[in-house]
Amino acid sequence: MTQAPLPFLDLKAQQARIAVDLRRRIDAVLAHCQFVLGPEVAELETALAAYCGAAHCVSVSSGTDALQIALMAEQIGRGDAVFLPAFTYTATAEVPLVLGATPVFVDVDPATFQIDPAALRTRIAEVRAAGKLTPRAVIGVDLFGQPADWPAIAQIAAEEGLFTLDDCAQSFGATLHGRKLGAAADATATSFFPSKPFGAYGDGGALFTESADRAALYRSLRTHGEGTTRYEVLRTGMNGRLDTLQAAVLLSKLTVFPEELDARARIAAAYDARLGNAVTIPARVPDSESAWAIYAILVPDSAARTRLQDNLRAQGIPTAIYYPRPLHLQPAYAGAHDGAALPISEDLAGRILALPIHPDLTDADVDRVCTAVLASV
Ligand SMILES: *Cc1c(COP(=O)(O)O)cnc(C)c1O
C-alpha cells in the first residue's frame, strides 16, 4: 500500500489547532474595518517586543522591506559596502543593490552554515585595501533557524564602525546565550512569510531595535517618510506597513508559537538520533536554541543528493534545496561580486538537502522520513 504524500509544511493542520481564536481575531477586524494600522498592529508590536525582549518593534510589509527600511534609515547607498553571507536567501543581497549599495559576499562556516567571522574580517580588509567602497554595514543572517555568531560580528563591527543588521527572517524565536534574538544587532529584521516558523496568511515582517530614534525613523519610513502630521514628508520613504488582518492572524498564532518551537526541536532531535550515523546532521551553534525553520542534512555530493531526493519523492516524502546556488553565482548578482573565492558556500549548495520539519509532523511521519532516508543512503 502506498501512503499519501507528506506535506513539507502543514498550514491546514495548524489552522485547525487555532481555529476558534483565529476566527474571533479576524471577526474583530471585520467589525472595526481599520484595515491599515488598526489596533491589532500596535497590540502585535507590543507583544512581539515583549516576547523577544527588544525595546521597540515596528511591524512592516515583509521581511525584505524590513531589511530595506533598516538600511534606508542609515542612509546606505551608492559607494557603500554591505557585507553579507553568500549562502542565504536572495533578499539579503537584493536590498543593498536596490538602494545603490554594493553587497560584499562573505563565506560561511562549513558546519553551522552561518557567516564566518574570520572571513568577514578578511573581506572588510580587502574592501578597505581596494579603496573603492566604504564599509558601512554587515547583515548577519540567522540561517535555517540558528543564530549567527552575534558576539563575534558585533565585536568586528564595533572595531570597524559598521552598522549591524540581523536578518532574522528564518529564526524569530531562536535564542543565543539564553536570550531570544531581537536585540543582538543594532536592528533585527524578521519575516512573517507564511512558510517561516512564525508566519502570517500573506506577506509581513517586523523590525526590532533598542534605539528609540531608529524605531521612530522606521515608523516614518514605512509610511512615506511622514513627519508628525500625515501630510508632512520629511524623507523619501515607502508604503511598508503590515496590514491589520495579518496582525490579527499573528496574534492568534503567537498563542501557540512557543509549543510549536518545542515540537520543531523534538523533531530535530529525533532526526539527529535516527540519521546521525548515515548522513551529516546539522551542527549546532553553541549555547543556542534553534527555531528550526529548516532541518538540512549534507550528503557526499550532488549525485547522491539527486538519488536521495528521487527515492524520497517516490515514497511521498518532499524535500527542498536551500540553496542550490550561492548568491555570488546568481546572474543578477554576479556583476556586483569582486571575484573573491567562496568555496564553502559553493560546496554546500551542491550537497545540502532539507527534510520536512513542522510542528504537525507526527512521530509516525518522522519515523517514515527516517526509514526512507536510511534505506536510500
Ligand atoms: C524569507 C527571507 C527574507 C525575506 O522575507 P520576505 O518576508 O519574504 O520578504 C529575507 N531573508 C531571509 C534569510 C529569508 O529567509
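Over the range 256-376, what percent of the accessible surface lies on carbon and sulfur atoms, probe 1.4 Å?
C and S fraction of accessible area: 52 percent.
Using a Debye calculation, one point per C-alpha and no hydration shell, please list log10 I(q)/I(0) for the range 137-280 at q = 0.20, 0.22 Å⁻¹ in order.
For the range 137-280, the Cα-only Debye profile gives -1.28, -1.37.
Using a 1.4 Å probe on the protein heavy atoms, what percent of the accessible area of the range 12-254 belongs to carbon and sulfur?
54
Counting heavy atoms of the protein chains only and a 1.4 Å probe, report the per residue accessible area for the chain as a whole number of Å².
Here the residues of the chain average 41 Å² of exposed surface.
Just to make sure I understand: if all protein chains stay in place, what is the order of 109, 27, 80 by accessible area at 1.4 Å, largest first?
Ranking 109, 27, 80 by accessible area, largest first, yields 27, 109, 80.
Per the Cauchy relation, a quarter of the hull surface: what is the mean projected area of the convex hull of the alpha carbons in the range 148-197, in nm²?
One quarter of the hull surface, i.e. the mean projection, equals 3.4 nm².
Defining a contact as two alpha carbons under 8 Å apart and six or more residues distant in sequence, what relative contact order in percent does the range 256-376 show?
Here the relative contact order equals 38 percent.
Under 19 Å Cα-Cα from residue 132, which aspartates and glutamates qualify once same-chain neighbours fewer than 8 residues away are excluded?
80, 160, 338
Below 14 Å, Cα to Cα, which aspartates and glutamates can residue 12 reach? Residues fewer than 8 away in the same chain don't count.
Filter leaves 360.
What is the local net charge at residue 122, summed over the other residues whose Cβ is closer than 10 Å to its Cβ (Lys, Arg +1; Asp, Glu -1)?
Local charge sum for residue 122: -1.
Given just the C-alpha atoms of the range 12-254, how large is their convex hull per residue in cubic angstrom?
120
I want to check the label-to-label distance for residue 216 and residue 306. Put each point 7 Å from Cα in the C-beta direction and report it in nm to one decimal.
Each label point lies 7 Å from its Cα, and together they span 5.8 nm.
Under a cut-off of 18 Å between alpha-carbon atoms, report the aspartates and glutamates in cross-link reach of residue 180, not counting same-chain residues fewer than 8 places apart.
Output for residue 180: 45, 142, 149, 166, 167, 210, 259, 260, 262, 287, 289.
Under a Cβ-Cβ cut-off of 13 Å, what is the net charge of the residues other than residue 356 that fall near it, where Lys and Arg count +1 and Asp and Glu count -1?
The answer is -1.
Counting each pair of different Cα atoms once, what's the Kirkwood radius of the range 256-376 in Å, rounded to one decimal?
15.7
For all pairs of alpha-carbon atoms in the range 106-188, what percent lies in each bin of width 10 Å, listed from the first bin to the last filled one?
So the P(r) values, bin by bin, are 19, 51, 25, 4, 0.
State, as an integer percentage, the relative contact order of the range 5-139 based on alpha-carbon contacts under 8 Å between residues 6 or more apart.
Here the relative contact order equals 19 percent.
What are the semi-axes of the equivalent ellipsoid of the range 1-79, taken as the square roots of 5 times the eigenvalues of the Cα gyration tensor, listed largest first and rounded to whole Å?
32, 23, 13
Please tell me the relative contact order of the chain in percent, rounded to the nearest whole number, where contacts are Cα pairs under 8 Å and at least six residues apart.
So the answer I get is 23 percent.
So what's the net charge close to residue 59: Lys and Arg +1, Asp and Glu -1, counting the other residues with Cβ under 13 Å from its Cβ?
Taking every Cβ under 13 Å from that of residue 59, the sum is -3.
The values are calculated or read from the model by the stated rules, or taken from the named source; none is laboratory data. Being a predicted model, the structure only gives us computed values, none of them experimental. A quick note on method: Cβ atoms are made from the backbone with ideal geometry, for glycine too, and the neighbour counts reach across all protein chains shown. Note: accessible area is taken over every heavy atom of the protein model, side chains too, but ligands, DNA and RNA are not part of it. Shrake-Rupley method; radii C 1.70, N 1.55, O 1.52, S 1.80 Å.
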